[in-house]
1. Give the Rg/Rh ratio for region 48-106, taking Rg as the radius of gyration of the Cα atoms and Rh as the Kirkwood radius, to two decimals.
2. Calculated from DSSP H runs of 4 or more alone, at -39500 (n - 2.57) each and per residue, what is the 222 nm mean residue ellipticity of the chain, nearest 500?
3. With unit charges on the beta carbons (Lys and Arg positive, Asp and Glu negative) and the dipole taken about the Cα centre of region 99-226, which residue among Pro106, Pro142, Ile183 sits farthest to the positive side?
4. Which one of Leu131, His196, Ile168 has its Cα pushed farthest toward the positive end of the charge dipole of region 115-224, where Lys and Arg give +1 and Asp and Glu give -1 at the Cβ?
5. With a 1.4 Å probe and every protein chain left in place, work out the accessible area per residue of region 1-109 in Å², rounded to a whole number.
6. Leaving ligands and nucleic acids out of the surface, order Lys180, Lys165 by accessible area at 1.4 Å, largest first.
7. For region 1-129, compute Rh as the Kirkwood radius over C-alpha pairs and then the Stokes-Einstein diffusion coefficient at 4 °C and 1.567 mPa s; write the answer in µm²/s, rounded to an integer.
8. What size of dipole, in debye to the nearest 20, comes out for the chain about its Cα centre when the only charges are +1 on Lys and Arg C-beta atoms and -1 on Asp and Glu C-beta atoms?
Amino acid sequence: MKEHSKLTKQEILDQNINDHIREIGEEFRSGFEELKKYPKSVTIFGSSHATPTNPHYRSAHELAMRIVKELNYAVITGGGPGIMAAANLGAQETNGNSIGLTIDLPHIQHTNPYTTSTVNSHYFFTRKTLLAFSAEAYIFFPGGYGTFDELFNILTLTQTHKIPKVPIILFGKEFWTALKNFITKNMLEEYGYVTHHDLELFTIIDDVDKAMEIIKAAPISKWWENYD
């Protein structure tokens, strides 16, 4: 291989592209290898800013505990603080598999100490793919831009049949009802950019018992039968 100083501009560009491709491929490989160890799981999303005194934090903690205790499913989160930490803590405290799919975010996010296994990503899109890869249900607690990004990513993948249809639960009626009202009034009734069927892709609830009822009724996701 030529010394870097002797490479042409095009050769340097090609080398950088190849380096990125190798890094991306390695992130996907290590992530999928880890996730395949947990064929039954629930993925929980939510704000990294929620504190232990927040009622949503307490609900995420309780829900994760029950998912492990009653179903023996793995609990998967983004591995950061807030709601993610609450869910990982609940899974860890019940001796369950508590998985964190973390991201490099300098000065913003750290990995919570309650995971039993972590997979770190440099690229957001690899992390998002892993978080949406396979689950028996996706639970969204209130959050910010990142939570909304992940929510609409999974809604779009479900709408377009790129992933199997499984329960998408929005926990916290006071927070999520305003979003549903916006989608109904603006996106559906005013502009016709979504359909009535699209509004049925998610369920808004306010109760851990109801969440467990939905998760228990959901069939085991057989993603490999639908993957193309």
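The values are calculated or read from the model by the stated rules, or taken from the named source; none is laboratory data. Owing to the predicted nature of the structure, the values given are computational and were not obtained by experimental measurement. Cβ placement follows ideal geometry from the backbone for every residue including glycine, while neighbour counts extend to all protein chains displayed. For the accessible areas, the whole protein counts, side chains as well, though only heavy atoms, and no ligand, DNA or RNA atoms are used. Shrake-Rupley method; radii C 1.70, N 1.55, O 1.52, S 1.80 Å.
1. Values: Rg = 10.9 Å, Rh = 11.1 Å.
Taking Rg over the Kirkwood Rh, I get 0.98.
2. Calculated at 222 nm, the ellipticity per residue is -13000 deg cm²/dmol.
3. Farthest towards the positive end: Pro106.
4. Positive-most Cα among the choices belongs to Leu131.
5. Details: 5910 Å² over 109 residues.
On a per-residue basis, 54 Å².
6. Numbers: Lys180 80, Lys165 130 Å².
Largest to smallest exposure gives the sequence Lys165, Lys180.
7. Details: Rh = 16.0 Å.
My calculation gives 81 µm²/s for D.
8. Working: 21 positive and 27 negative charges, 49 e Å.
With Lys and Arg at +1 and Asp and Glu at -1, about 240 debye.
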